[in-house]
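Okay, structure first, notes after.
Just so it is clear, none of the values below were taken in a lab; they were calculated from the coordinates. Computed from a predicted model, the values in this text were never measured in an experiment. Glycine also receives a Cβ, built like all others from the backbone with ideal geometry; neighbour counts cover every protein chain displayed.
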Amino acid sequence: MQTQNFVCKLLDRSHGAVWTTTSPPRGPLSLRMLFSDEEEEEETWLVPVNNIPGDWKAGETYDSGIQVNQ
């Protein structure tokens with residue numbers, strides 16, 4: 001049986017669709033996003049269909065396959 005270690009790192013929204021972190025991870029990234037509706041007091045977790053590849057580069061754009069409308 002093969003095991004994997006998962007580490008959750010929080011990202012801060014810089015502006016628009018740009019997110020920042022003080023300690024960027026290495027390798028391929030899979031994201032999980034928590035959306036909340038304060039008016040309805042609901043929270044929804046979304047897992048993008050597209051992962052970020054292992055050879056990702058800072059400053060590049062990667063399509064998660066999720067469109068967020070405000």
_If R₀ is 35 angstrom, what is the calculated FRET efficiency for the pair ARG26 and ASN69, using the beta carbon separation as r and rounding to 0.05?_
0.65
*Centre separation in Å (Cα based) which lies between the stretch 9-25 and the stretch 31-70*: 12
*Dipole moment magnitude, nearest 20 debye, the stretch 6-60 about Cα centre, only Lys, Arg, Asp, Glu C-beta charged*: 660
*Distance (nanometres) between label positions extended 7 Å along Cα→Cβ at ASP12 and ASN50*: 2.7
